[in-house]
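Single-structure report; data block below.
The values are calculated or read from the model by the stated rules, or taken from the named source; none is laboratory data. Not measured: the values here are computed from a predicted model. Cβ: placed from backbone, ideal geometry, glycine included. Neighbour counts: every protein chain shown.
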Amino acid sequence: MGNTSTLFKGLKEFFIEIGDLSNFATRFFKEVLKPPFEFKELMRQCYQMGNRSLVLVTITGFIIGLVLTLQSRPTLIQFGAVSWMPNMVGISIVREIGPVITALICAGRIASGIGAELGSMRVTEQIDAMEVSGTNPFKYLVITRIMATTLMIPILVIYGDLVALYGSALVENLKGDVSFQLYFNTVFDALSFSDLVPATIKSFFFGFAIGLVGCFKGYYSKKGTAGVGVAANTAVVMASLLLFVIDFIAVFISDIFYEL
Amino acid sequence: MAKTKLENLKLGVFVVFGTALLVVAAYLIGNRQNMFGKTIPVSAIFKNANGLQNGNNVRFSGINVGTVNKIEMINDTTIRVHMIIEEKMQNHIKKDAVATIGSDGLVGSMLINIVPGEGKTTHIGPGDELQSYSRVATQDMLNTLNQTNENAALLTQDLLKVTRSLTQGKGTFARLLNDSLMAKDLHQTITNLKLSSNEANKMIREMNQMVKQLDFENSAAGVLLKDSISGNKMRNVISHLENSSLEIENMSKNLNSVIGDIKTGKGAINYLATDTVLVRQLETSMENVTEGVKNFNEVTEALKHNFLTRGYFKKKEKKEKNNR
């Protein structure tokens, strides 16, 4: 009986959370097109989230491409299909690994950052002060951040894909004597718009989800210093989970349009 | 303020490069699918698409020249495959070119191969339909393999019978395989053959040496072999010999008839040859003649010593001396 009530309580909290998140998203869509537009803040946030994540994404992408190629090589050699490495790695990275890994890295860095930043602002009553002073904190703090993540994540994904492919090409060049030109020619031969377009569109949703969850958790964080930590932590967990859910849905939708 | 400007510059560079990368990637992918650039549509009809999909490559002599645009089912046995081909390749592809469905490597994706024809026709134009050749489907291959397997099974059965007969010593081949005496004989024959061939070689070598040693200019053999005038003479001689032999033949025939006549008893010769009494008489006569001659010599000697005739003989001797 106790377990059932706990389950119901947990389910209730989960649905409340989803409901609050949906309301938060609705509010975003309501206010995003309404002036005034905080361009300067948007630029600042884009810089913070885009440029500042570039190194992290580059290192991660390079290692992922390198490791994926190194790990796949023995199996492909066994099948005598090592020449198919660029096709396999290219499609894997562009379709799935690139967007998901980049988004997860950004979820860890950006969602936690936003959660902690907005959470501390909530705790120190800066958000309340903004409301009192007549500034719309939602527009200034939330919309700019969600917009920034929505716009920056796809670009970071493109960078990440390129660096991962470079890492893979490097391994093939050093171990398999495949020139960079041949490697990238084979990759682009294998790729089609059905690989690139869904992955790019998906990246916008990933960015939106990261920004939305980070802002939601930070904006509604509970009072006290512990609330900031909880906000940052739950923002990362929820954003990561949401990324996989979006990825799952995106694959189904892509399949409808492109017959993958 | 300056910091914000620098940040904005960095952000601008980041966004521009990121977007440019996306555009370049899209262009490269689109270019490979002939989305940019001038293309012409052509089609080909197949019985089986063999898993061909939209976007698969079209190759002409091994070069990617286009992509499959649309696959249309016309009826239950006819599939029309629409392709787009680069306009610049139009001049190289003639109307008698043949389109086949193949695969890129053993496990690669499907593609259309356009094989050049004899090249006597004009080049293709937009909307043209290429001739097609449906490659052998996997099922057909399996059916053929099945037939081959059945044949192989029959063959192995027969082979088994043959090998059994061989091992049991039935038939000529089995004897060849099993009979040790025959093997020895064969071995001996081969040895003899070898010896004979060695001897023949030796003889040929000697003959070669003889031929080399021949003086074609001066020796009789050289004249015989080389001199055309002597050859003609020889030919005449041979022809004369031929005539002579004919005459000899005639003569021998005549002789035969004469001998035949003699044998049959016609004429004096047969009488002389066959009558033994006559022979005896002749012998007696000859003895008498010899005795007569002896007596005559005695008489002549007596006459030489007679005073009446002695002068005649002396005169004769003198005349003979003078003549010498």
| query | Do we have any residue at all in segment A:68-89 that's within 26 Å of residue A:207 (Cβ to Cβ), assigned by TED's automatic domain parsing to the domain that holds residue A:216 and in contact with a Leu (Cβ under 7 Å, 6 or more places away or on another chain)? | reply | yes
| query | Scanning for something modelled with pLDDT under 85, within 30 Å of residue A:194 (Cβ to Cβ) and among the small types (Gly, Ala, Ser), does segment B:116-125 turn up at least one residue? | reply | no
| query | If we scan segment A:108-119, do we find a residue that is of a type outside the set (Ser, Thr, Tyr), closer than 30 Å to residue A:187 by Cα and within 14 Å of chain B (Cβ to nearest Cβ)? | reply | no
| task | Determine, yes or no, whether residue A:90 is within 14 Å of chain B (Cβ to nearest Cβ), modelled with pLDDT of 90 or more and over 15 Å from the mean Cα position of the chain (by Cα). | result | yes
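Just to be sure, is residue B:121 of a type in the set (S, T, N, Q), in contact with a strand residue (DSSP E or B) (Cβ under 6 Å, 6 or more places away or on another chain) and in a loop (DSSP other than H, G, I, E, B)?
Values: of a type in the set (S, T, N, Q): yes; in contact with a strand residue (DSSP E or B) (Cβ under 6 Å, 6 or more places away or on another chain): yes; in a loop (DSSP other than H, G, I, E, B): yes.
So residue B:121 fits the description; yes.
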| Residue ID - surrounded by the fewest Cβ atoms within 10 Å (Cβ to Cβ), chosen from residues in segment B:20-36 that are more than 7 Å from every other protein chain (Cβ to nearest Cβ) and β-branched (Val, Ile, Thr) | B:23
| query | Looking at segment A:207-227, which of its residues are out of contact with any Leu (no Cβ under 9 Å at 6 or more places or on another chain) and in a helix (DSSP H, G or I)? | reply | A:208, A:211, A:225, A:226, A:227
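Taking the stated definitions as given, is residue A:170 aliphatic (A, V, I, L, M), within 13 Å of chain B (Cβ to nearest Cβ) and either farther than 30 Å from residue A:39 by Cα or within 25 Å of the chain's Cα centre (by Cα) (or both)? Steps first, answer last, please.
Values: aliphatic (A, V, I, L, M): yes; within 13 Å of chain B (Cβ to nearest Cβ): no; either farther than 30 Å from residue A:39 by Cα or within 25 Å of the chain's Cα centre (by Cα) (or both): yes.
For residue A:170, the condition - aliphatic (A, V, I, L, M), within 13 Å of chain B (Cβ to nearest Cβ) and either farther than 30 Å from residue A:39 by Cα or within 25 Å of the chain's Cα centre (by Cα) (or both) - is not met.
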| query | Within segment B:22-40, is there a residue that is modelled with pLDDT of 80 or more and under 57 Å from the mean Cα position of the chain (by Cα)? | reply | yes
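Is it the case, given these coordinates, that residue A:213 is modelled with pLDDT of 90 or more, in contact with a helix residue (DSSP H, G or I) (Cβ under 6 Å, 6 or more places away or on another chain), more than 14 Å from chain B (Cβ to nearest Cβ) and over 30 Å from residue B:24 (Cβ atoms)? So that I can check it myself, show each step before the final result.
Details: modelled with pLDDT of 90 or more: yes; in contact with a helix residue (DSSP H, G or I) (Cβ under 6 Å, 6 or more places away or on another chain): yes; more than 14 Å from chain B (Cβ to nearest Cβ): yes; over 30 Å from residue B:24 (Cβ atoms): yes.
For residue A:213, the condition - modelled with pLDDT of 90 or more, in contact with a helix residue (DSSP H, G or I) (Cβ under 6 Å, 6 or more places away or on another chain), more than 14 Å from chain B (Cβ to nearest Cβ) and over 30 Å from residue B:24 (Cβ atoms) - is met.
For (1) β-branched (Val, Ile, Thr); (2) closer than 30 Å to residue A:137 by Cβ; (3) crowded, with 20+ Cβ neighbours inside 10 Å, each residue gets a yes or a no:
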position	(1), (2), (3)
A:41	no, yes, no
A:45	no, yes, yes
A:53	no, yes, yes
A:57	yes, yes, yes
A:70	no, no, no
| said: Restricting to segment B:55-89, and then to whatever is touching a Ser or Thr at 6+ places or on another chain (Cβ under 8 Å) and assigned to a loop (DSSP other than H, G, I, E, B), can you tell me which residue is nearest to the other protein chains (Cβ to nearest Cβ)? | reply: B:55
| Does residue B:15 qualify as being hydrophobic (A, V, I, L, M, F, W, C), at the interface with another protein chain (Cβ under 7 Å from one of its Cβ atoms) and on the phi < 0 side of the Ramachandran plot? | yes
| message | So if I check each of A:144, A:102, which one is surrounded by 19 or more Cβ atoms within 10 Å (Cβ to Cβ), within 14 Å of chain B (Cβ to nearest Cβ), over 16 Å from the mean Cα position of the chain (by Cα) and not charged (D, E, K, R)? | response | A:144
| Members of segment B:68-85 that are farther than 12 Å from residue B:49 by Cβ and charged (D, E, K, R) | B:76
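On the given criteria, is residue A:175 within 14 Å of chain B (Cβ to nearest Cβ) and among the basic types (Lys, Arg)? Please lay out each step first, then the result.
Details: within 14 Å of chain B (Cβ to nearest Cβ): no; among the basic types (Lys, Arg): yes.
For residue A:175, the condition - within 14 Å of chain B (Cβ to nearest Cβ) and among the basic types (Lys, Arg) - is not met.
For segment B:72-93: of the residues being in contact with an Asp or Glu (Cβ under 8 Å, 6 or more places away or on another chain) and surrounded by fewer than 19 Cβ atoms within 10 Å (Cβ to Cβ), which is nearest to residue B:62 (Cα to Cα)?
Let us first name the residues in segment B:72-93 that are in contact with an Asp or Glu (Cβ under 8 Å, 6 or more places away or on another chain), namely B:79-82.
Now narrow it down to the ones that are surrounded by fewer than 19 Cβ atoms within 10 Å (Cβ to Cβ): B:80, B:82.
Details: B:80: 22, B:82: 19 Å.
Of everything passing the filter in segment B:72-93, B:82 is nearest to residue B:62 (Cα to Cα).
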| message | Pairs needed: first member in segment B:26-38, over 13 Å from residue B:65 (Cβ atoms); second member anywhere, in a loop (DSSP other than H, G, I, E, B) and modelled with pLDDT of 80 or more; C-beta distance under 9 Å; at least 6 residues apart or different chains. | response | B:28/A:191; B:29/A:191; B:29/A:192
| message | Which of the numbered conditions does residue B:143 fail, given that it passes all the others? Conditions: (1) within 36 Å of the chain's Cα centre (by Cα); (2) assigned to a helix (DSSP H, G or I). | response | (1)
